[in-house]
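Data block below; observations after.
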Amino acid sequence: MKIIKVDLPDHSYNVEIQAGLLNCTGQLVSSVWSERKIALVSDSNVAPLYQSKVADALVRVGFTVHNYQFPAGEESKSLEVLANLTRQMAADGFNRDDGVIALGGGVTGDLAGLLAATYMRGISLIQMPTSLLAQVDSSVGGKTAVDLDTTKNIIGAFYQPDLVIIDPETLTTLTKRDLVEGYGEIVKVGALSDGDLWKLIESIETPEDILKYAPELSMHSVQYKANIVMGDEKEGGLRQLLNFGHTIGHAVEALADGDLRHGEAVSIGMVALTRIFEEKGLSQAGLTQKLTDRLEAVGLPTSSSLLDSPAVFDKIKNDKKNRDGHLNLIYLHQIGGPAIKSIPSSTIREFLDAKENV
């Protein structure tokens, strides 16, 4: 089993990665939590697959488990669903000594994470991600949030779990599209970090390869993110690097109105931004094609007609990462060479439209 420690000033925890870990749920949870009441939160896709199995394992070691379920989909990342889950927990008598386990993909992790962060001003949390996107990205680092209207993750909190349990065997139940979506975040991390992860990425040509190397992909991705988070827990500096591809990606995702998955939008965003910076001479020649090749090898989209919409610039200009009238765009000099360029929000359209060197 691979164990990655996230060691933060106020809260440390392990990320444990190994095939078959869901079978060890009771043992793993009891190693960090005393007996208590647990809200086991899943969506309508994941619950039928794993919720009873996990709940039974927890009950066998002395926990009291309440299974909660919400409709699958990004639209459930809302204040309404958060309020419904809170009402259920209150009705079931949960108190500050109890806990929440997020069993599912990125939506579940974000929603149940915020539920734990806000219920009675914060109760214990464990993340059990079942999608590739959640395993390599959203389950680690403590970001929790819900959406408001078309603005993603605008209401949230930094709230670290007590444990993250990653079982790559859960990936075998994903559709091809759901599996491949998470690979967009892996390519992002590989491009930022270079080294062994990028070498592995260069060998992956099919979705089947993603499944084959899932434990290694998770290990490298989580270790890189853990190192970043330990250096900058609340995105004051270094952690901004993880936003590579997200500024444009979030804008395209919002305009797609559900037709694009998060990882697909990040894939489009990485390529679009890299092409702009390469045209300006700030990124290495050929870098856009290098990224495009690795993403398209497994079927990820790398372009969208939505990029031509004027509304993209409004979304980017109003991005929640806007600070003091500036947006920090994350780009690459080359693979393994990330950099930050601060652009006044008022001129972001001119910058992204311009082709001349700056």
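The values are calculated or read from the model by the stated rules, or taken from the named source; none is laboratory data. These figures come from a predicted structure and were not determined experimentally. Cβ sites come from the backbone with ideal geometry, for glycine too, and all protein chains shown count toward neighbours.
Here are some notes:
The rows are residues; the columns are (1) closer than 28 Å to PRO161 by Cα; (2) assigned to a helix (DSSP H, G or I); (3) out of contact with any helix residue (DSSP H, G or I) (no Cβ under 7 Å at 6 or more places or on another chain).
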| residue | (1), (2), (3) |
| --- | --- |
| ILE186 | yes, yes, no |
| ALA191 | yes, yes, no |
| LYS199 | no, yes, yes |
| ILE204 | no, no, no |
| ASP209 | no, yes, yes |
| MET219 | yes, yes, yes |
| TYR224 | yes, yes, no |
| ILE228 | yes, yes, no |
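- Subset tally (residues that are modelled with pLDDT of 90 or more and out of contact with any Lys or Arg (no Cβ under 8 Å at 6 or more places or on another chain)) for region 253-273: 13
- Inside region 248-261, residues that are surrounded by fewer than 24 Cβ atoms within 10 Å (Cβ to Cβ) and at negative phi make up a count of 7.
- Enumeration of residues in region 177-200 that are among the acidic types (Asp, Glu) and touching a strand residue (DSSP E or B) at 6+ places or on another chain (Cβ under 7 Å): none
- Of residues in region 199-222 being closer than 20 Å to GLY20 by Cα and β-branched (Val, Ile, Thr), the one surrounded by the most Cβ atoms within 10 Å (Cβ to Cβ): VAL222
- Single residue of region 304-320 satisfying the filter (of a type in the set (Ser, Thr, Tyr) and surrounded by 14 or more Cβ atoms within 10 Å (Cβ to Cβ)) that is farthest from the chain's Cα centre (by Cα): SER309
- Of residues in region 1-55 being charged (D, E, K, R) and touching a Pro at 6+ places or on another chain (Cβ under 8 Å), the one surrounded by the fewest Cβ atoms within 10 Å (Cβ to Cβ): LYS2
- Per the conditions (1) under 30 Å from ASN23 (Cβ atoms); (2) at pLDDT 95 or above; (3) surrounded by fewer than 22 Cβ atoms within 10 Å (Cβ to Cβ), the sole criterion not satisfied by ASP196 is (2).
- Checking each residue in region 52-81 for being in a helix (DSSP H, G or I) and over 30 Å from THR151 (Cα atoms) picks out SER52, LYS53, VAL54, ALA55, ASP56, ALA57, LEU58, VAL59, ARG60.
- Odd one out for ALA39, checked against (1) part of a helix (DSSP H, G or I); (2) in contact with a His (Cβ under 8 Å, 6 or more places away or on another chain): (1)
- Residues in region 118-150 that are under 16 Å from the mean Cα position of the chain (by Cα) and in a strand (DSSP E or B): ILE126, GLN127, MET128, PRO129, LYS143, THR144, ALA145, VAL146, ASP147.
- Residue within region 61-79 that is modelled with pLDDT under 95, of a type outside the set (Phe, Trp, Tyr) and surrounded by fewer than 13 Cβ atoms within 10 Å (Cβ to Cβ) present: yes
- Residue that is in contact with a Leu (Cβ under 7 Å, 6 or more places away or on another chain), under 17 Å from ILE126 (Cβ atoms), among the β-branched types (Val, Ile, Thr) and touching a residue at least 60 places away in the same chain (Cβ under 8 Å), where the choices are VAL65, VAL100, VAL81: VAL100
- A residue that is surrounded by 13 or more Cβ atoms within 10 Å (Cβ to Cβ), among the aromatic types (Phe, Trp, Tyr) and under 14 Å from ASN243 (Cβ atoms) occurs somewhere in region 325-332.
- Single residue of LYS290, LYS280, LYS234, LYS225 found to be crowded, with 23+ Cβ neighbours inside 10 Å, among the charged types (D, E, K, R) and touching a residue at least 24 places away in the same chain (Cβ under 8 Å): LYS225
- Selection from region 90-113 of residues that are buried (at least 17 other Cβ atoms within 10 Å of the Cβ) and either over 20 Å from GLN160 (Cα atoms) or of a type in the set (D, E, K, R) (or both): ASP98, ASP110
- Of the residues making up region 159-199, those that are touching a Phe, Trp or Tyr at 6+ places or on another chain (Cβ under 7 Å), farther than 23 Å from LEU273 by Cα and of a type in the set (D, E, K, R) number 1.
- VAL271 satisfies every condition listed in (1) closer than 23 Å to SER138 by Cα; (2) in contact with a Leu (Cβ under 8 Å, 6 or more places away or on another chain); (3) not in a helix (DSSP H, G or I) except (3).
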